[in-house]
1. Pull up the range 13-51, narrow it to residues that are assigned to a loop (DSSP other than H, G, I, E, B) and at pLDDT 95 or above, then point me to the one that is surrounded by the most Cβ atoms within 10 Å (Cβ to Cβ).
2. Kindly indicate whether any position in the range 3-10 is open to solvent by less than 100 Å² (accessible area, probe 1.4 Å), without any contact (Cβ under 8 Å) to a residue 12 or more places away in the chain and of a type in the set (Phe, Trp, Tyr).
3. Cβ-Cβ below 7 Å, separation at least six or inter-chain, first residue in the range 35-56 and closer than 23 Å to GLU24 by Cα, second at pLDDT 95 or above and in a helix (DSSP H, G or I): which pairs?
Amino acid sequence: SCYHDRMAKQTTVRLPDELAEQAEAVARVKETSLNGLIVESLTAEIERVRRDQDFALRARRLLDRDKELLDRLAQ
C-alpha cells in the first residue's frame, strides 16, 4: 500500500467483537493484516464519498458555516 511510504499515524479502533472476528477472517482470506484491511476499507470509503455529490454539498455547507463562525470570532 502507498501508506507505507509515509509516516503512519497510529490510532486505536474499538470494534464490536463480531465485527472484529469477521474482519480478521476477511483479512486472513485476503492474505493481508487487519491493519491492511482497515486501511484498504477506509481508502475505498473516502473515494466513494468524494464521488458523492450530496456529500460534497453537505461538506461545502459545513465549511461555509465554520468559516463564517471563525470570521465572526476573529473580529
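The values are calculated or read from the model by the stated rules, or taken from the named source; none is laboratory data. As the structure is a computational prediction, the values presented were derived from the model and not from experiment. Note that each Cβ is placed from the backbone with ideal geometry, even for glycine, and that neighbours are counted across all protein chains shown. Please note that ligands, DNA and RNA were not included when accessible areas were found on the heavy atoms of the full protein model with its side chains. Shrake-Rupley method; radii C 1.70, N 1.55, O 1.52, S 1.80 Å.
1. So the first thing to find is which residues in the range 13-51 are assigned to a loop (DSSP other than H, G, I, E, B), and the list is 13-16, 30-33, 51.
Now drop any that are not at pLDDT 95 or above, which leaves 14-16, 30-33.
On the way: ARG14: 5, LEU15: 13, PRO16: 8, LYS30: 11, GLU31: 7, THR32: 15, SER33: 12.
Applying the filter and picking the extreme gives THR32.
2. So in the range 3-10, the residues open to solvent by less than 100 Å² (accessible area, probe 1.4 Å) come out as 3, 8.
Of the ones still in play, those that are also without any contact (Cβ under 8 Å) to a residue 12 or more places away in the chain are 8.
So of that shortlist, the ones also of a type in the set (Phe, Trp, Tyr) come out as none.
No, every residue in the range 3-10 fails to be open to solvent by less than 100 Å² (accessible area, probe 1.4 Å), without any contact (Cβ under 8 Å) to a residue 12 or more places away in the chain and of a type in the set (Phe, Trp, Tyr).
3. Hits for this filter: GLY36/ALA27; LEU37/ALA23; LEU37/VAL26; LEU37/ALA27.
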